[in-house]
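Notes for the one structure printed next.
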Amino acid sequence: MTYRKIALVDVDGVLLNWIDAFLEKTNMSLEEFLQLEIDLPEIAVGMVNKFNCSAAVGFLKPWSDNCLWGVRQLFESGYELHAITSFGGDIHSRELRKQNINRYYQWNAEVNMISSITFTDIGASKEEALLKYGRDSGIPFIEDHLRHAITGAELGFTPFLLNRSYNQNKNINKDAEDKVFRCRNWSDIVQELA
């Protein structure tokens, strides 16, 4: 039996371009949505959950060609990729999400490059899902949400935070600063891991 290294990946903003589809569906700008998250977080979560329960989640595009390339590079270099997604949704939308990921991240007809998907509630911490992989494991954890990346660092994972327009102005606290690696794109991640 061949043992593969494990890498953990977020889905929205890392594998799939959720934000553009959500903003188009809600006719909001990114700035308006980010302000809504601050001013009326319950309404923002409700809008996200409504979108995540729609058929649209089965047809999200990959974040970028660089992302498709990066996942393939990690897979080819011996990584087994496990997704952890803050998604909520219902059983049907979760199945659409799995189909959407498998459509783009398939190695061949029998093998998906993303071997498992763990769902957490919208806005919930990913701590419980991460701890299934052990504390202080050093396992790479690729994320676009600063809070989740810091949680990963505090639990002893190696977090890579992909720079996105919505996380650019957020500073990493000093305790986590040396443990969270900000990356421009998947090329930076591949350079570090593959």
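For the peptides 119-130, 136-147, the ranking by packing is 136-147, 119-130, with the highest mean count of neighbouring Cβ atoms within 10 Å listed first.
Taking the chain as a Gaussian network of alpha-carbon nodes connected by springs under 10 Å, the highest mean-square fluctuation of the residues Gly88, Gly58, Gly134 belongs to Gly134.
Looking at the chain, what % of its DSSP beta bridges pair antiparallel, to the nearest 5? Don't skip to the end; give the middle numbers.
Numbers: 2 of 23 bridges.
Antiparallel bridges make up about 10 percent of those DSSP assigns within the chain.
Could the peptides 41-50, 69-78 be put in order, highest first, of the mean number of other beta-carbon atoms found within 10 Å of their residues? Before the final figure, lay out each step's value.
Details: 41-50: 14.4, 69-78: 18.2.
Packing proxy ranking, top to bottom: 69-78, 41-50.
Lys/Arg Cβ at +1, Asp/Glu Cβ at -1, dipole of the stretch 1-130 taken about the Cα centre: which of Ser93, Ser125, Val45 is farthest positive-ward? Farthest towards the positive end: Ser93. Only helices enter the 222 nm calculation for the chain: every DSSP H run of n ≥ 4 contributes -39,500 (n - 2.57), and dividing by all residues gives -12000 deg cm²/dmol, rounded to 500. Extension gain, Gln106 to Arg184: 0.36 nm times the residue separation minus the Cα-Cα distance gives 25.7 nm. Placing +1 on the Cβ of every Lys and Arg and -1 on the Cβ of every Asp and Glu, with no other charges, gives the chain a dipole of roughly 440 debye about its Cα centre. Using the 1.4 Å probe convention, the accessible area of the chain works out to 52 Å² per residue with neighbouring protein chains retained. When the chain is treated as a GNM with alpha-carbon contacts under 10 Å, the residue of His82, His148, His92 showing the greatest mean-square fluctuation is His92. From the coordinates of this entry, mean projected area of the Cα convex hull in nm² is computed, and it appears in (i) 13.4; (ii) 11.0; (iii) 12.1 under the label (ii).
With a simple spin-label model that places each label point 7 Å from the Cα along the Cα-to-Cβ direction, the separation between Asn163 and Ala55 comes to 3.9 nm.
Across the accessible surface of the chain, with the other protein chains kept in place and a 1.4 Å probe, carbon and sulfur atoms take up 50 percent. Quickly work out the Glu95-to-Ser29 label distance, labels modelled 7 Å from Cα along the C-beta direction, and quote it in nm with one decimal. Result for the modelled spin labels: 4.0 nm.
The values are calculated or read from the model by the stated rules, or taken from the named source; none is laboratory data. Note that the structure is a prediction, hence the values are computed from the model and not measured. A quick note on method: Cβ atoms are made from the backbone with ideal geometry, for glycine too, and the neighbour counts reach across all protein chains shown. The protein model used for the area step is the full one, side chains on, heavy atoms only, and it has no ligands, DNA or RNA in it. Shrake-Rupley method; radii C 1.70, N 1.55, O 1.52, S 1.80 Å.
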